[in-house]
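One structure coming up, written as structure tokens, with questions to follow.
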Amino acid sequence: MNRKTDIIVVGTGVAGLFNVLNLPRDKRILMITKAGVDASDSFLAQGGICVLRDENDYDSFFEDTMKAGHYENDKASVDVMIRTSPEIIQNLISFGVEFEKKNGQFAYTREGAHSRARILYHQDLTGKEITSKLLAEVKKRSNIRILEYTTMVDLICENNICSGVVISNEDNEISLLKADYVVLATGGLGGLFDNSTNLQHLTGDAIAIAMKHHIELENISYIQIHPTTLYSKKKGRRFLISESVRGEGAVLYNQNMERFVDELLPRDVLTKAINEQMEMDGSNFVWLCMKEMGDQVIRKRFPNIYHRCLDEGYDVTSECIPVTPAQHYFMGGIKVNLDSKTTMEHLYAIGEISCNRVHGANRLASNSLLESLVFAKRAATHIVKNYESLGFRKSLVDLNDFRDLEQLRLDYKKTILDEIERSSAIE
């Protein structure tokens, strides 16, 4: 297969879906995804999405984001994200997304490091609500095609211009897909870690591919650990216990059932406190108690967490659950500007794989969905405004480079981990 389309979007999470929904219907768009169309971390997001409630909220929202990021955030990126948030929420509502309401008005919740309640939510399944509604809209559009179980193994590029992607299918067959523009929305890199809340197929391949083609990266070692995931001896993805649980009043106990920390500290600070407590206790976990919320509140507000914990043998309405930190989010990535453009022409990066420096050194809770949506839309707007057809260019790709895909994947993994280690040492 060697074919040409207008725009290729790699990834079907919230960033990729929102990006294509903001592209013109007269453009032929191809989305590819490494697994099933709904196998993205966007579906797993529990807590909610931040929004600027009113102009009086701007200063505190800005300061909360900067403080959580240890003031390493790009101020212009933070400003764009915050000021665009009301527009994004209205866009989501127009696609059928439903947020919790009380007496006909939005119900807001608060999470760690927020100075006030400014987070919209849908039970504890906000990511699933948003992503599923966007996916349903994408499936209605005849100009958009989705290829599942299709992996990007390289970019097609020459003279710092991207003109497509090299892909492999389930049978490890290699194909070339050419396009005028490529948008990388490939998600995080939790699959590189033994303990992560991410889906295991998300291994950050785009980082290694970017390095291969000298596309600039930024803050590659900025990897966030979430303080509370359900402790388990089983292998595989760790189940997140949302920050909103602590925002609604859940407390943390050590092995003597004593509170030892302010549960609403920034994620990195709280993670450090939990790790120190576990070392003092000689334990692999601390206890999280939701009981004081009451049975009815827990079942209505956190049904996903309630049922998942039941499956693991814990009834959160009557007992504490063991929690431990795990890798959660990637603040670094492929360097982009405010329009999500990379340092390679005709190539954009959005969502977790990109780095627009909005999160600084530590992401503020519930800014991830918002950031992904804001800059996915900006990427679409910039592509449309500056659209330039590349025509059908002859590819210089040597297919012999992809004869051993398993070794290629191992090489990509090693490249990324080595670069993270190198960057950490420099910092």
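Can you tell me which residue within the stretch 201-220, out of those that are closer than 15 Å to Gly13 by Cβ and of a type outside the set (A, V, I, L, M, F, W, C), is surrounded by the fewest Cβ atoms within 10 Å (Cβ to Cβ)? First the steps, then the outcome.
Step one: of the stretch 201-220, the residues closer than 15 Å to Gly13 by Cβ are 201-206.
The next check asks that each one be of a type outside the set (A, V, I, L, M, F, W, C); those that pass are 201, 203-205.
Values: His201: 16, Thr203: 23, Gly204: 27, Asp205: 26.
Selected residue: His201.
A further question on this structure: Can you give me the number of residues within the stretch 51-71 that are outside any helix (DSSP H, G or I) and under 20 Å from Gly112 (Cβ atoms)?
Counting residues in the stretch 51-71 that are outside any helix (DSSP H, G or I) and under 20 Å from Gly112 (Cβ atoms) gives 6.
Can you work out which of the residues in the stretch 229-243 that are outside any loop (DSSP other than H, G, I, E, B) and touching a helix residue (DSSP H, G or I) at 6+ places or on another chain (Cβ under 8 Å) is surrounded by the most Cβ atoms within 10 Å (Cβ to Cβ)?
Among those residues, the one meeting the criterion is Glu243.
Out of (1) crowded, with 19+ Cβ neighbours inside 10 Å; (2) closer than 17 Å to Gly249 by Cβ; (3) touching a Phe, Trp or Tyr at 6+ places or on another chain (Cβ under 9 Å), the odd one out for Tyr306 is which?
Looking at each condition in turn, Tyr306 falls short on (3).
Go through the stretch 399-427 and report how many residues are in contact with a helix residue (DSSP H, G or I) (Cβ under 9 Å, 6 or more places away or on another chain) and of a type outside the set (Phe, Trp, Tyr). Working first, answer last.
Start the filter on the stretch 399-427 by keeping residues that are in contact with a helix residue (DSSP H, G or I) (Cβ under 9 Å, 6 or more places away or on another chain), which leaves 401-402, 408-409, 411-417, 419-420.
Retained after the next criterion (residues that are of a type outside the set (Phe, Trp, Tyr)): 401, 408-409, 411, 413-417, 419-420.
Number satisfying all stated conditions: 11.
Any residue in the stretch 356-368 that's more than 21 Å from Tyr108 (Cβ to Cβ): show its pairings with residues that are of a type in the set (Phe, Trp, Tyr) and in a loop (DSSP other than H, G, I, E, B) at Cβ separation under 7 Å, as long as the two are six or more apart or on different chains.
From residues that are more than 21 Å from Tyr108 (Cβ to Cβ), the pairs are Gly360/Tyr71; Ala361/Tyr222.
For the stretch 191-242, which residues satisfy the criterion of being closer than 16 Å to Lys414 by Cα and among the aromatic types (Phe, Trp, Tyr)?
Phe193
Which residues, taken from the stretch 44-79, are out of contact with any helix residue (DSSP H, G or I) (no Cβ under 9 Å at 6 or more places or on another chain) and small (Gly, Ala, Ser)?
Ser60, Ala76, listed by residue number.
Here is a yes/no grid of residues against (1) modelled with pLDDT under 95; (2) of a type in the set (S, T, N, Q); (3) within 19 Å of the chain's Cα centre (by Cα); (4) under 22 Å from Thr12 (Cβ atoms):
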site: Glu371; (1), (2), (3), (4): no, no, yes, yes
site: Lys377; (1), (2), (3), (4): no, no, yes, yes
site: His382; (1), (2), (3), (4): no, no, no, yes
site: Arg393; (1), (2), (3), (4): yes, no, no, no
site: Leu396; (1), (2), (3), (4): yes, no, no, no
site: Asp401; (1), (2), (3), (4): yes, no, no, no
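Could I ask something else about it? From (1) at positive phi; (2) outside any loop (DSSP other than H, G, I, E, B), pick out the condition that doesn't hold for Met257.
All conditions are met except number (2).
Looking only at the stretch 167-207, count every residue that is part of a helix (DSSP H, G or I), among the small types (Gly, Ala, Ser) and closer than 18 Å to Thr150 by Cβ and tell me the total.
Total meeting the criteria: 2.
Would you check which residues across the stretch 1-28 are crowded, with 24+ Cβ neighbours inside 10 Å and either at positive phi or not in a loop (DSSP other than H, G, I, E, B) (or both) and list them?
Ile7, Ile8, Val9, Val10, Gly11, Val14, Ala15, Gly16, Leu17, Phe18, Asn19, Val20
Within the stretch 72-107, count every residue that is part of a loop (DSSP other than H, G, I, E, B), out of contact with any Gly (no Cβ under 6 Å at 6 or more places or on another chain) and at pLDDT 95 or above.
Selection size over the stretch 72-107: 8.
State all residues of the stretch 343-356 that are buried (at least 24 other Cβ atoms within 10 Å of the Cβ) and not in a strand (DSSP E or B); if no residue qualifies, say none.
Ile350, Gly351, Glu352, Ile353, Asn356
Does the stretch 168-186 hold any residues that are out of contact with any Lys or Arg (no Cβ under 9 Å at 6 or more places or on another chain), surrounded by fewer than 22 Cβ atoms within 10 Å (Cβ to Cβ) and not charged (D, E, K, R), and which are they?
Of everything in the stretch 168-186, those that are out of contact with any Lys or Arg (no Cβ under 9 Å at 6 or more places or on another chain), surrounded by fewer than 22 Cβ atoms within 10 Å (Cβ to Cβ) and not charged (D, E, K, R) turn out to be Ser168, Asn169, Asn172.
Based on what the data block shows, is Phe285 aromatic (Phe, Trp, Tyr) and either exposed (fewer than 15 other Cβ atoms within 10 Å of the Cβ) or touching an Asp or Glu at 6+ places or on another chain (Cβ under 6 Å) (or both)?
So Phe285 does not fit the description; no.
How about the stretch 367-425: which of its residues are farther than 18 Å from Leu347 by Cβ, small (Gly, Ala, Ser) and crowded, with 17+ Cβ neighbours inside 10 Å?
Ser368
Where the second residue is of a type in the set (Asp, Glu) and the first is touching a residue at least 60 places away in the same chain (Cβ under 8 Å) and lies in the stretch 87-106, which pairs have Cβ atoms under 7 Å and are six or more apart or on separate chains?
What qualifies is Phe95/Glu137.
Okay, moving on. Do we find that Ile215 is among the β-branched types (Val, Ile, Thr), assigned to a loop (DSSP other than H, G, I, E, B) and modelled with pLDDT of 95 or more in this structure? Before you say what the answer is, go through the steps one by one.
Details: among the β-branched types (Val, Ile, Thr): yes; assigned to a loop (DSSP other than H, G, I, E, B): yes; modelled with pLDDT of 95 or more: yes.
For Ile215, the condition - among the β-branched types (Val, Ile, Thr), assigned to a loop (DSSP other than H, G, I, E, B) and modelled with pLDDT of 95 or more - is met.
Shifting gears a bit: Which one of these is buried (at least 21 other Cβ atoms within 10 Å of the Cβ), more than 21 Å from Ala208 (Cβ to Cβ) and either at pLDDT 95 or above or not assigned by TED's automatic domain parsing to the domain that holds Ser244 (or both): Arg110, Arg145, Arg118, Arg141?
Arg118
Would you kindly identify the helices (runs of 4 or more DSSP H) lying entirely within the stretch 264-321 that contain at least 2 residues that are free of Cβ contacts under 8 Å to residues at least 60 places away in the same chain and among the acidic types (Asp, Glu)?
267-281
The values are calculated or read from the model by the stated rules, or taken from the named source; none is laboratory data. No experiment lies behind these values; they were computed from the predicted model shown. Methodologically, a virtual Cβ is constructed for each residue, glycine included, from the backbone with ideal geometry; neighbour enumeration extends over all protein chains shown.
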